[in-house]
Amino acid sequence: MTEQTRAGGESGVGTVTEASEPAPGTAPDPAPAEPAPRPPLRRNRDFTLLWGGAGLSLLAGRATAVAYPLTVLWATGSPGDAGLVGTALLLPMLLMQLPGGVLVDRYDRRRIMIGAGLGQALIAVAVTALLLSGRTWLWALLAAAFAEGALGVLHQLAERAAVPAVVPREQLPAALTGNEARTRGAAIAGQPLGSGLVALGAALPYAAAAVAQLASLICLSGVRGKLQHTRTGPPARLGTEIREGLVWMWRQPFLRAVMTAVAVTNVLFQGLNLAVMAGIQERDGTPFEVGLVLSLSGAGGLVGALTGGWWSTRFPLRTLVLGGLLAWTAFMIPVAAALDTPVLLGALFAASGYVGGVFNVAGGVLLVRAAPDRLRGRANSLANLVGSGAMAAGPVAAGFLLEATDAVRTALALSAVMALTALVALASPGLRREPFPEPGDTPAGDPGSTPRERP
């Protein structure tokens, strides 16, 4: 007979015994009840408040992200200065990710989100006052853009790490699909909102952002419960905790290869956005037209996010990554010829956004399932650092390239680099590996369970 541990939690070795039948005249034990189905996400109060509060903050950030370079471009006429401000807004993605990930794993995530949102609201009020005074000080806008970007990094890292604490594991794909759709929706609404408000008055997008951030604070203040496991003992040194996250990421070769490719493409798309702004201005277009074209990228991304689960269940992630890079190349090459045709330009941006939406859903689910709670902030920060931090180089590089040449040649140069990136990815050995171990083999625990104290 097979030796095994007795049922009921008793330790020791015993023999397997036959299941006893009920005594005559007694009723058999009732069949175990099936677990009650999980309520839908729309009835999950904490997730709804977290989703809505982060969404309002994202909407404000998207509006000001397009407003900062447009404010400078239309006030000074200098693409170089506009590129500097755009870079200042994105530079924290490079500088703040690693320390931000440690802070999100070490301290209360809800308080981090509330503090970051309050800081962003105060910055928006200060920029509003500056512009209402009739001044456009480049140094002040550079400082404000950098500070807003830094607080935005903390806010997003805390929110992404908090989702598994309020959502059960089986609902994570739906939750992350909703989050990606929310991000894309914020881009759809935020970019034309920011550019349209700039056209009406330079200070208006920042005043609207301050109101949205305050509304976000109200939502986030209502989230109950802990958004992470309780950590015991004194925290390790900052460098030690960063190193722990780096070691974890280094052991994911597929993720390393994907994030490297995405880092390059993000630089290129940031540069392409500025080239499109300059190209539209060269033919006497309006700021609202810029925002409308760019917002179509968000519309395509929204559809991509909503269908990302469909693609992920039918194709390996390697196929999605390589196919997406080739598709991005095909969509970017015609941009140079479409600068005079807003309808075609918008269609190309929408198609590129669709590919990005599919990418983000598939990658987000894998990352959340693979990373343990104690490393989740750092895992997200490292992925953002490699995948998005390099975006800071995009606007400034494109800005100086535009100063030396025109929008058409700039778009062609960016397309050539995109084609080279796709060819290198096709030969990458890292993309031949499995993306991650099976979720059950990872130490991630059960997202959605009640946070508990670690021994």
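The values are calculated or read from the model by the stated rules, or taken from the named source; none is laboratory data. Worth saying up front: this structure is predicted, and the values here are computed from it rather than measured. Cβ atoms come from the backbone with ideal geometry, glycine included; neighbour counts cover every protein chain shown. Accessible surface is based on the protein model in full, side chains and every heavy atom, while ligands, DNA and RNA are left aside. Shrake-Rupley method; radii C 1.70, N 1.55, O 1.52, S 1.80 Å.
Being buried (at least 20 other Cβ atoms within 10 Å of the Cβ) and without any contact (Cβ under 8 Å) to a residue 60 or more places away in the chain narrows it down to one of Leu325, Leu348, Leu367, so name that one. Talk me through it step by step, then tell me what you get.
On the way: Leu325 fails: without any contact (Cβ under 8 Å) to a residue 60 or more places away in the chain; Leu367 fails: without any contact (Cβ under 8 Å) to a residue 60 or more places away in the chain.
None of the other options fit; the residue is Leu348.
Please determine whether any residue of the stretch 110-124 is surrounded by fewer than 20 Cβ atoms within 10 Å (Cβ to Cβ), touching an Asp or Glu at 6+ places or on another chain (Cβ under 6 Å) and in contact (Cβ under 8 Å) with a residue 60 or more places away in the chain.
no
Please work out if Gly300 is over 26 Å from Asp406 (Cα atoms), crowded, with 23+ Cβ neighbours inside 10 Å and modelled with pLDDT under 85.
Working: over 26 Å from Asp406 (Cα atoms): yes; crowded, with 23+ Cβ neighbours inside 10 Å: yes; modelled with pLDDT under 85: no.
Answer is no for this residue.
Looking only at residues in the stretch 425-455 that are at pLDDT 50 or above and loosely packed, with under 14 Cβ neighbours inside 10 Å, which one is farthest from Ala337 (Cα to Cα)? First the steps, then the outcome.
Let us first name the residues in the stretch 425-455 that are at pLDDT 50 or above, namely 425-436.
Filter again for loosely packed, with under 14 Cβ neighbours inside 10 Å, leaving 426-427, 429, 432, 434.
Values: Leu426: 27, Ala427: 30, Pro429: 35, Arg432: 36, Glu434: 39 Å.
Among residues in the stretch 425-455 that are at pLDDT 50 or above and loosely packed, with under 14 Cβ neighbours inside 10 Å, the one farthest from Ala337 (Cα to Cα) is Glu434.
Which of the helices (runs of 4 or more DSSP H) contained wholly in the stretch 57-173 include at least 1 residues that are β-branched (Val, Ile, Thr)? So that I can check it myself, show each step before the final result.
Values: elements: 79-90, 92-95, 97-106, 109-132, 138-166.
Because the criterion is at least 1 residues that are β-branched (Val, Ile, Thr), the helices (runs of 4 or more DSSP H) in the stretch 57-173 that meet it are 79-90, 97-106, 109-132, 138-166.
Determine whether Ser381 is under 19 Å from Pro69 (Cβ atoms), within 23 Å of the chain's Cα centre (by Cα) and among the small types (Gly, Ala, Ser). Quick ask: steps written out before the conclusion?
Details: under 19 Å from Pro69 (Cβ atoms): no; within 23 Å of the chain's Cα centre (by Cα): yes; among the small types (Gly, Ala, Ser): yes.
Criteria not met by Ser381.
List pairs: first residue in the stretch 293-319 and farther than 16 Å from Arg184 by Cβ, second residue in a helix (DSSP H, G or I) and hydrophobic (A, V, I, L, M, F, W, C) anywhere in the structure, Cβ distance under 7 angstrom, at least six positions apart or on different chains.
These pairs meet every condition: Ser312/Val361; Ser312/Ala362; Leu317/Ala362; Arg318/Leu431.
Please work out if Gly185 is free of Cβ contacts under 8 Å to residues at least 40 places away in the same chain and open to solvent by less than 50 Å² (accessible area, probe 1.4 Å).
On the way: free of Cβ contacts under 8 Å to residues at least 40 places away in the same chain: no; open to solvent by less than 50 Å² (accessible area, probe 1.4 Å): yes.
No, not satisfied.
Suppose the filter is surrounded by fewer than 21 Cβ atoms within 10 Å (Cβ to Cβ) and at pLDDT below 85; does Val343 pass it? Walk me through how you get there before you give the answer.
Numbers: surrounded by fewer than 21 Cβ atoms within 10 Å (Cβ to Cβ): yes; at pLDDT below 85: yes.
In short, yes.
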